[in-house]
């Protein structure tokens with residue numbers, strides 16, 4: 001296993017890294033990998049990811065020997081140093097975690113950016129390494145396309161798969177996997193790992209606000225919540241829940257992403273996973289309550305237990321002992337967010353509806369909006385804030401009547417939070433966080449990557465996290481800028 005050709009840039013100079021290495025693996029090596037991954041079998045992603053995001057087949061495995069052999073072959077073709085986040089980062093190897101992806105029958109991976117693997121505060125990935133295991137002559141479609149931004153209008157490069165070719169690119173580069181309409185395409189991907197080195201001269205990025213980083217998950221963080229005892233808790237792609245005390249508590253919850261988190265009335269933490277599990281964390285550690293819920297997208301405290309919003313469009317209520325109270329079909333498509341209300345629950349989903357659910361589990365459509373809905377927060381007195389996939393936030397009266405809609409962001413609104421003084425915050429896949437007082441913006445700043453979650457503490461600090469794995473706190477301004 002030895003690459004001999006030089007890496008060839010395929011993205012414009014001065015932008016994200018994009019390199020092509022024509023012979024990362026020979027035909028024999030590709031065939032051996034295809035045989036091994038096909039024997040292990042693939043999992044479908046369609047039930048765990050939105051249909052407008054990805055539907056290819058995937059396999060995840062760890063292999064130290066493969067990571068070492070690939071790095072020995074490719075290491076001298078990879079960037080030795082990157083300058084990011086105020087430091088020089090030095091190349092150290094490849095992530096042992098591999099993802100094999102298979103595309104056939106029209107399967108695709110729509111425009112997206114990759115997330116980092118964060119092993120520690122000092123060791124993380126900045127680049128994706130992807131190897132094509134099949135030749136493009138054997139299937140139709142399947143190009144990897146790179147874009148100037150998330151709109152997908154300006155194509156910067158279109159890479160035709162070639163047997164054994166590797167592409168190496170910045171996690172933050174917008175790209176997609178074109179649909180494969182004939183034949184079968186297989187790729188193997190991992191991450192290029194770097195260690196934090198010497199600090200470099202500071203250059204304050206426009207719109208950045210100083211943040212206090214509490215620590216990191218090993219990959220995306222899906223949710224941060226503020227607890228009644230003043231601590232923060234977070235859940236991530238690494239399958240862990242972390243409680244941020246002076247000495248953080250770390251709970252290994254699942255083998256898949258922990259996608260939702262809430263604190264129940266008895267102070268216990270409940271969490272849900274992409275794999276459909278519901279887990280409660282108490283003094284004895286995590287306990288699995290259910291494992292058949294579909295991807296869990298949201299959790300809310302409900303009476304003495306919790307309620308789950310799932311990718312099946314269902315809401316399922318559990319009591320404090322973990323017994324199911326009821327299940328109701330709330331949405332056609334994914335039920336993205338759920339919050340508690342005095343008379344029950346409120347949810348929103350991909351079908352554009354906001355639904356009120358009473359304590360017996362009876363659903364009632366509260367509002368119908370003409371957009372895919374992704375985020376929800378309950379504001380006083382009885383109003384709701386609803387974030388949508390087009391970057392807007394709609395304010396609803398208690399009876400569901402729309403009051404107004406703000407163009408808050410340039411991409412999906414991923415999270416909303418209400419502060420103790422009525423200030424509210426919105427987060428988005430446009431890498432921005434904004435704070436508002438009513439309809440007036442009072443602060444706006446750029447984060448390091450997609451922001452997936454925000455939460456206010458009792459004293460009004462704003463916590464958040466996203467694709468870079470960092471859990472952070474900021475002190476937002478209290479007055480509008482002049």
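Here, each number is a calculation from the coordinates, and none is a lab measurement. A quick note: this is a predicted structure, and the numbers were derived from the prediction, not measured. Quick reminder, even Gly has a Cβ in these numbers, built from the backbone with ideal geometry, and neighbours come from all protein chains shown.
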Inset, instruction - Pop the C-beta distance of residue 365 and residue 304 into the FRET formula with R0 = 25 Å and round what comes out to the nearest 0.05. - result: 0.35
Legend entry - Virtual spin-label span in nm between residue 44 and residue 266, 7 Å along Cα→Cβ: 3.7
Legend entry - Where only C-alpha atoms are counted, convex hull volume of the range 212-474 per residue in Å³: 109
Legend entry - For the range 270-386: relative contact order, % (alpha-carbon pairs under 8 angstrom, 6 or more apart): 15
Legend entry - Whole-Å distance, taken between Cα centres, linking the range 64-126 and the range 402-439: 32
Legend entry - Extended-chain gain in nm, criterion 0.36 nm per residue less alpha-carbon gap, residue 154 and residue 213: 17.8 nm
Inset, instruction - Compute the distance in nm between two label points, each set 7 Å from the Cα along the Cα-to-Cβ direction, one at residue 379 and one at residue 343. - result: 2.1
Legend entry - Principal-axis tilt of helix 27-40 within the chain, Cα atoms, nearest 10 degrees: 30
Legend entry - Principal-axis tilt of helix 64-74 within the chain, Cα atoms, nearest 10 degrees: 60
Legend entry - Volume per residue that the Cα convex hull of the chain spans, once the total is divided by residue count, Å³: 150
Legend entry - Shape of the range 248-324, Cα gyration tensor, a/c cut at 1.5: oblate
Inset, instruction - Evaluate the range 8-199: find the radius of gyration of its Cα atoms, find its Kirkwood radius, and give the ratio Rg to Rh. - result: 0.94
Inset, instruction - Starting with the fewest neighbours, write out 6, 390, 134 ranked by other beta-carbon atoms found within 10 Å of each beta-carbon. - result: 6, 390, 134
Legend entry - Cα gyration tensor, the range 104-147 - rounded (a/c under 1.5), prolate or oblate: prolate
Inset, instruction - Please report 101, 348, 110 as a ranked list, fewest other C-beta atoms within 10 angstrom at the top and most at the bottom. - result: 110, 101, 348
Inset, instruction - Report, in whole Å, the centroid distance computed from the Cα atoms of the range 345-397 and the range 145-186. - result: 35
Legend entry - FRET efficiency, 1/(1 + (r/R0)^6) with R0 22 Å, evaluated for residue 76 and residue 8 via beta carbons: 0.90
Inset, instruction - Provide 171, 217, 251 in ascending order of the number of other Cβ atoms located within 10 Å of each residue's Cβ, fewest first. - result: 251, 171, 217
Inset, instruction - May I ask you to give the average projected area over all directions of the convex hull of the Cα atoms of the range 243-284, in nm² rounded to one decimal? - result: 3.3
Inset, instruction - Give me the distance in nm between label points sitting 7 Å out from Cα along the Cα-to-Cβ direction at residue 231 and residue 65, one decimal. - result: 4.2
Legend entry - Translational D in µm²/s for the range 422-468 (Stokes-Einstein at 4 °C, 1.567 mPa s, Kirkwood Rh from C-alpha pairs): 120
Inset, instruction - Just need the relative contact order of the chain here, percent rounded to a whole number, with Cα pairs under 8 Å and 6+ apart. - result: 11
Legend entry - Percent RCO, i.e. relative contact order, over the range 212-474, from Cα pairs under 8 Å lying at least 6 residues apart: 14
